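First comes the structure, then the notes that go with it.
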Amino acid sequence: QVLLVESGGGLVQAGGSLRLSCAASGRTFSDNIMGWFRQPPGKEREFVAAISRGGGSTMYADSVRGRFTISRDNAQNTVYLQMNGLKPEDTAVYYCAASRLSTLGWKPYEYDVWGQGTQVTVSS
């Protein structure tokens, strides 16, 4: 059984920064592609970023590219999402997810394990 636990969400003013963390346990962390998704109020879950097993490849949604950075520490079984230049439209519940696939994916069904989510609210 795999468990993902996000932390680091909160309330921040526009232009500010937050760093989300996702701690994993239960199966070999480095065997998984990791992703971050978000669900804004009243909207569907959407892709934010993904990172390969070794951390050498990343993928970002157009809306966050250049502002957000995904990284991972396989020794600590943790994936991070550094969010800079936050905007009110970044307000959402942020989820980390794990995938057994061999290539980076942006579709929710490609990820089989999900965390409980952490709320990020950006005020204008």
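Find how much the distance from residue 73 to residue 43 grows on full extension, using 0.36 nm per residue of separation minus their present alpha carbon separation; answer in nm with one decimal.
Result: 7.7 nm gained on full extension.
Would you list 104, 11 from the most to the least accessible area, probe 1.4 Å?
So, going from the largest accessible area down, we get 11, 104.
Among 100, 53, what's the order by accessible area (1.4 angstrom probe), most exposed first?
Result of the area sort, largest leading: 100, 53.
Tell me the label-point distance for the pair residue 5, residue 63, using the 7 Å Cα-to-Cβ offset, in nm and rounded to one decimal.
Placing both labels 7 Å along Cα→Cβ, they lie 2.9 nm apart.
Once the piece of chain linking residue 25 and residue 87 is laid out straight, how much longer is it, given 0.36 nm per residue of separation minus the C-alpha distance between them?
Once the chain is fully extended between residue 25 and residue 87, it gains 19.2 nm.
The values are calculated or read from the model by the stated rules, or taken from the named source; none is laboratory data. Keep in mind that this is a model prediction, so the values were computed, not measured. Cβ sites come from the backbone with ideal geometry, for glycine too, and all protein chains shown count toward neighbours. All accessible areas refer to the heavy atoms of the entire protein, side chains included, with ligands and DNA or RNA removed. Shrake-Rupley method; radii C 1.70, N 1.55, O 1.52, S 1.80 Å.
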